[in-house]
């Protein structure tokens with residue numbers, strides 16, 4: 001079986017504090033963690049999906065077809081492979097590179113205009129209308145408050161859905 005190099009990106013370890021450059025690469029000015037986004041080209045999801053696709057190799061589909069009689073789950077491999085290919089693409093460079101997927105978001109332009117790295121560092125935070133979709137406004141506020149309280153390095157903690165499952169849930 002082919003070997004794959006370890007994936008890069010992903011949740012930042014709690015025990016390390018990223019450099020300013022690494023932090024701004026992985027975290028958008030609004031405080032969203034791009035490194036955990038399935039669309040981010042430099043993120044863990046893309047890296048892990050590519051590594052898994054490399055490990056399975058181009059011939060796994062024929063094995064899955066033959067072995068599906070023993071394990072019916074393998075009959076779903078064509079759909080799983082299509083989804084894996086989608087995850088391995090990573091189509092967004094992040095808003096710092098001008099690739100924000102949130103269309104009408106005004107955060108990047110505002111941060112550039114004010115010469116700030118993160119909204120939470122702005123003297124006018126929280127502003128009236130950052131141009132974010134309604135569903136992200138609360139996360140934006142919380143992220144900005146966390147930056148005010150802990151500084152930008154406070155954003156190194158992964159989102160709850162990126163945490164490994166707890167022993168309680170097992």
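The values are calculated or read from the model by the stated rules, or taken from the named source; none is laboratory data. Everything numeric in this text was worked out from a predicted model, so none of it was measured. Cβ placement follows ideal geometry from the backbone for every residue including glycine, while neighbour counts extend to all protein chains displayed.
Quick check: anything in segment 130-153 in contact with a helix residue (DSSP H, G or I) (Cβ under 9 Å, 6 or more places away or on another chain), part of a helix (DSSP H, G or I), closer than 21 Å to residue 22 by Cα and at pLDDT below 80?
Checked against the condition, which is being in contact with a helix residue (DSSP H, G or I) (Cβ under 9 Å, 6 or more places away or on another chain), part of a helix (DSSP H, G or I), closer than 21 Å to residue 22 by Cα and at pLDDT below 80, segment 130-153 yields at least one hit.
Evaluate the following for residue 35: is it modelled with pLDDT under 85 and surrounded by 19 or more Cβ atoms within 10 Å (Cβ to Cβ)?
Working: modelled with pLDDT under 85: yes; surrounded by 19 or more Cβ atoms within 10 Å (Cβ to Cβ): yes.
The answer is yes for residue 35.
Could you pull out the residue among 87, 102 that is surrounded by 14 or more Cβ atoms within 10 Å (Cβ to Cβ) and at pLDDT 85 or above? Talk me through it step by step, then tell me what you get.
Numbers: 102 fails: at pLDDT 85 or above.
Testing whether each residue is surrounded by 14 or more Cβ atoms within 10 Å (Cβ to Cβ) and at pLDDT 85 or above leaves just 87.
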